[in-house]
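Take a look at the structure below.
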Amino acid sequence: MSKRVAVMMPGQGSQFVGMGADLASTTPSVSRLFEEADEILEFPLSRLCREGPEDELRQTQNAQPAILLHSIAVWLSIPERVRRAVVVAAGHSLGEFSAWLAAGSLSFAEALRVVRQRGQLMAASGSERPGTMAALLGLEPAEVSRICEAVPGGECVAANFNAPGQIVISGDVTAVEAACVAAVEAGARRVIPLSVSGAFHSPLMTTARDGLQKVLSTIEMAEPAFPVVANASAKPETDPANGRALLVEQLTSPVRWVESIGAMEVFEPDLWIELGPGAVLTGLLRRIERRRPVARAGTPEEIESLVEAFDG
């Protein structure tokens, strides 16, 4: 019986200086892919990934194409027999674009240009209406929603349902600060302000959402080779039109990651793999359900380990 694989693609925040450098130095096809990215964007993205500086790599308009580039480089570096075994995929926020790209719905050039523009639009929205985000640990979703609805100072919403007891809120600075105080009073185990350039996945991203809709309306999306679970719906999607609409909706909607993992579980994967920089999604999966077998890959050595896990 052949194995069934579920793929997870990371989002913004997973980037780091040096990402993909070892893979590009050992794999000629990856080196060419990084060079191609520079040509597509007319920007030295490969050097930024390899050398930084970190503060420039962290900027939204740079981090997003960098992460997509690394994720798809790893995807193309794993053996075809592993890729053929994929039955479902999902990506966290930006990673949803990487998932559609891996599924063959987007071309590499179009995906790279779109996420670069997406990052620029999100950064511009953050400058137009400054906002922030914070992670709340140890509270239930209903309690977080109650806190967000009650605080003064503008918009405050639950933006990421990452794992049981780990919810990120987003909105106007004053409102998020008030929600953090209320969360502590409600018994939150920890409150962590996040260093971000805007209030992502909240109504403050409306301008970015409208801009992304215009960008995506010019892009062709093909039928995917496997379903992609959308952040906004937490449902597996195979219709490119629905996928395009949900990528737009995602900017002002919460990332429903816990529900997305549940939707992927229906496909009964034997192995879950995270492809790209960092190990955030591997950690979240273990918090959601420790018994699921999971491997991650971002380096040549990790790809070898992933293949061993698949073949074992």
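The sole residue among Asn231, Asn242 that is touching a residue at least 40 places away in the same chain (Cβ under 8 Å) and assigned by TED's automatic domain parsing to the domain that holds Val17 is Asn231.
Per-residue answers, yes or no, for (1) polar (S, T, N, Q); (2) outside the structural domain of Arg296 (by TED's automatic domain parsing); (3) touching a His at 6+ places or on another chain (Cβ under 7 Å); (4) closer than 24 Å to Ala297 by Cα:
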| site | (1), (2), (3), (4) |
| --- | --- |
| Ala89 | no, no, no, yes |
| Arg118 | no, no, no, no |
| Ile169 | no, yes, no, no |
| Ala183 | no, yes, no, no |
| Arg189 | no, yes, no, no |
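One line per residue, one yes/no per condition, for (1) at pLDDT below 95; (2) in a loop (DSSP other than H, G, I, E, B); (3) surrounded by fewer than 20 Cβ atoms within 10 Å (Cβ to Cβ):
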position: Ile192; (1), (2), (3): no, no, yes
position: Pro224; (1), (2), (3): no, yes, no
position: Leu251; (1), (2), (3): no, no, no
position: Gly262; (1), (2), (3): no, no, yes
position: Phe267; (1), (2), (3): no, yes, yes
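Only one of the numbered conditions (1) surrounded by fewer than 20 Cβ atoms within 10 Å (Cβ to Cβ); (2) under 19 Å from Ala90 (Cα atoms); (3) touching a residue at least 12 places away in the same chain (Cβ under 8 Å) is violated by Glu220, and that is (2). Does any residue of segment 195-214 turn out to be modelled with pLDDT under 95, in contact with a Gly (Cβ under 7 Å, 6 or more places away or on another chain) and surrounded by 15 or more Cβ atoms within 10 Å (Cβ to Cβ)? Taking every residue of segment 195-214 in turn, at least one turns out to be modelled with pLDDT under 95, in contact with a Gly (Cβ under 7 Å, 6 or more places away or on another chain) and surrounded by 15 or more Cβ atoms within 10 Å (Cβ to Cβ).
Being outside any helix (DSSP H, G or I), in contact (Cβ under 8 Å) with a residue 40 or more places away in the chain and more than 16 Å from Ala85 (Cβ to Cβ) is the filter here; which residues of segment 295-310 pass it? Within segment 295-310, Gly298, Thr299 meet the criteria.
Looking at segment 163-182, which of the residues that are part of a helix (DSSP H, G or I) and touching a helix residue (DSSP H, G or I) at 6+ places or on another chain (Cβ under 6 Å) is surrounded by the fewest Cβ atoms within 10 Å (Cβ to Cβ)?
Our first condition is that a residue be part of a helix (DSSP H, G or I); within segment 163-182, this holds for 173-182.
Within this subset, residues satisfying the condition of being touching a helix residue (DSSP H, G or I) at 6+ places or on another chain (Cβ under 6 Å) are 179, 182.
Numbers: Ala179: 27, Ala182: 20.
Selected residue: Ala182.
Could you tell me how many of the residues in segment 127-162 are part of a helix (DSSP H, G or I) and farther than 17 Å from Thr206 by Cβ?
10
Here are some residues: Glu35, Glu80, Glu56, Glu39. Which one is within 22 Å of Gly126 (Cβ to Cβ), of a type outside the set (Lys, Arg) and free of Cβ contacts under 8 Å to residues at least 12 places away in the same chain? On inspection, the qualifying residue turns out to be Glu56. Checking each residue in segment 171-215 for being within 26 Å of Glu289 (Cα to Cα), free of Cβ contacts under 8 Å to residues at least 60 places away in the same chain and of a type outside the set (A, V, I, L, M, F, W, C) picks out Gly187, Arg189, Arg190.
Residue count for segment 269-312, restricted to those that are surrounded by fewer than 18 Cβ atoms within 10 Å (Cβ to Cβ) and on the phi > 0 side of the Ramachandran plot: 0. Filtered by the rule that a residue be surrounded by fewer than 21 Cβ atoms within 10 Å (Cβ to Cβ) and either modelled with pLDDT of 95 or more or out of contact with any helix residue (DSSP H, G or I) (no Cβ under 9 Å at 6 or more places or on another chain) (or both), segment 4-20 gives Arg4, Phe16, Val17, Gly18.
With respect to Leu106, determine if the residue is buried (at least 24 other Cβ atoms within 10 Å of the Cβ) and not in a helix (DSSP H, G or I). Spelling it out, Leu106 is indeed buried (at least 24 other Cβ atoms within 10 Å of the Cβ) and not in a helix (DSSP H, G or I).
In segment 125-143, the count of residues that are modelled with pLDDT under 95 and of a type in the set (Asp, Glu) is one or more.
The values are calculated or read from the model by the stated rules, or taken from the named source; none is laboratory data. Model, not experiment: these values are computed from the prediction. When we count neighbours, we look across all protein chains shown, and the Cβ atoms used for this are built from the backbone with ideal geometry, even at glycine.
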